[in-house]
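> First, the structure itself, so that you have it in front of you.
The values are calculated or read from the model by the stated rules, or taken from the named source; none is laboratory data. Just so we're clear, the structure is a prediction, and the values are computed from it rather than from any experiment. Here the Cβ positions follow ideal geometry from the backbone for every residue, glycine too, while neighbour counts run over all protein chains shown. Each accessible area value is taken on the protein alone, full model and side chains, heavy atoms only, with ligands, DNA and RNA left out. Shrake-Rupley method; radii C 1.70, N 1.55, O 1.52, S 1.80 Å.
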Amino acid sequence: MIQRFPVAASILAALIAAAMPAAAQTQSVAAKPATTAKTWTPPKTAEGVPDLQGVWTNATNTPLERPQNLGAKEFYTAEEAAQLEKAAAAAAARAEEGRQTEPGTAADVHYDLGQFGLARYQAKSIGNPRTSLIVGPEGRVPPLLPEAQKRQADRAALNRGHQFDGPENRPLSERCIIQGHEGPPMIPAGYNANLQIQQGPGYVAIMHEMVHDTRIISTDGRPHLAKNVRQFMGDSRGHWEGNTLVVDTTNFTDRTAFRGSSENLHVVERFTRTEDDTILYQFTVEDPSTWAKSWSAEIPMTKIDARIYEYACQEGNYGMRNTLNGARTTEKEEAGKSK
């Protein structure tokens, strides 16, 4: 079932860590086509391929990485899942009690996420509830290689002391250019974790509600762009394997930096519609310049009866203006003291 206003993943992770003991190892499940799902025939488009179209949410309370105290435990038991749901509901109730503004008033706009389409939904679980979106016994992003650690340090050093010089020195998300959750890979956002999929002959388009970027994926067999052509969201090429859309993305920029990645990031995604209201989204990422091995995750996406709302990021980006104004004010004050 779709639930509104779930507890944020970070809060739920803390609850998990406090409530669950260290667990025994469980069998690893790699990100691959859902072979255990019950037999179900997806609807087809006019071109005869599975129809993935609609508005979906990938919102989830499951954290990307597994809480360390759970060890290699990949799935919760039904009893543990019920306990966590109860804890999440209690935390949500406490948050509502601590609300400082009157519901429905102008002052309440940042609290009432139901206004203007800023709704939070919760995708349903597929099978046993996972302890992390990342699959496998580790359940965590592999540690950065030494060269990746140096790359991160060099990036930080280059920006140190100049982060407020101008908008070019601010993060891409702060500049309303791209948000990390848009991917690929697509990671659930804190809110507005909704996306719309549309299909046409030889193409699949995915538009995100937050920041509103649209990724165009060709499925007509054309090759990737030349290696010297780099894009923030990479270059995506798709093909069908049975009822699964497989998307291969390369040609990232070195500024994409997904979890510290380099321009050598390579992402393979799989979209499998397992039920009328469910898409199983799986991805594997690799980057030999960042991690010693690839890692995979899976996220259920639930179809919702909603529409994608405008996300006017740059039009309302007062934070950027205020940040830079504050820096200029500080500079003037320091210049005055030095006289």
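> Just need a number here: residues in the range 144-165 that are out of contact with any helix residue (DSSP H, G or I) (no Cβ under 7 Å at 6 or more places or on another chain), outside any helix (DSSP H, G or I) and modelled with pLDDT of 80 or more.
2
Residue by residue, here is whether (1) touching a strand residue (DSSP E or B) at 6+ places or on another chain (Cβ under 9 Å); (2) more than 19 Å from Ser262 (Cβ to Cβ); (3) of a type in the set (A, V, I, L, M); (4) touching a residue at least 12 places away in the same chain (Cβ under 8 Å) holds:
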position: Leu158; (1), (2), (3), (4): no, no, yes, no
position: His162; (1), (2), (3), (4): no, yes, no, no
position: Leu172; (1), (2), (3), (4): no, no, yes, yes
position: Arg175; (1), (2), (3), (4): no, yes, no, yes
position: Ile178; (1), (2), (3), (4): no, no, yes, yes
position: Met186; (1), (2), (3), (4): yes, yes, yes, yes
position: Ala193; (1), (2), (3), (4): yes, yes, yes, yes
position: Gln199; (1), (2), (3), (4): yes, yes, no, yes
position: Gly202; (1), (2), (3), (4): yes, yes, no, yes
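> Taking the range 194-229, which residues are part of a loop (DSSP other than H, G, I, E, B), under 25 Å from Ile299 (Cβ atoms) and either small (Gly, Ala, Ser) or open to solvent by less than 40 Å² (accessible area, probe 1.4 Å) (or both)?
Hits for the range 194-229 are Glu209, Met210, Val211, Asp213, Thr219.
> Six or more apart or on different chains, Cβ atoms under 8 Å: show the pairs whose first residue is in the range 54-71 and within 15 Å of Asn194 (Cα to Cα) and among the β-branched types (Val, Ile, Thr) and whose second is open to solvent by 30 Å² or more (accessible area, probe 1.4 Å) and part of a strand (DSSP E or B).
So the pair list comes out as Val55/Gln196; Val55/Lys303; Thr57/Tyr121.
> Residue check: is Ala327 touching a helix residue (DSSP H, G or I) at 6+ places or on another chain (Cβ under 8 Å), hydrophobic (A, V, I, L, M, F, W, C) and surrounded by 10 or more Cβ atoms within 10 Å (Cβ to Cβ)?
The answer is no for Ala327.
> Please state which one of Phe283, Phe252 is in contact with a helix residue (DSSP H, G or I) (Cβ under 9 Å, 6 or more places away or on another chain) and modelled with pLDDT of 95 or more.
On inspection, the qualifying residue turns out to be Phe252.
> Could you run through the range 230-245 and say how many residues are closer than 19 Å to Val285 by Cα and either among the small types (Gly, Ala, Ser) or part of a loop (DSSP other than H, G, I, E, B) (or both)?
Qualifying residue count for the region: 6.
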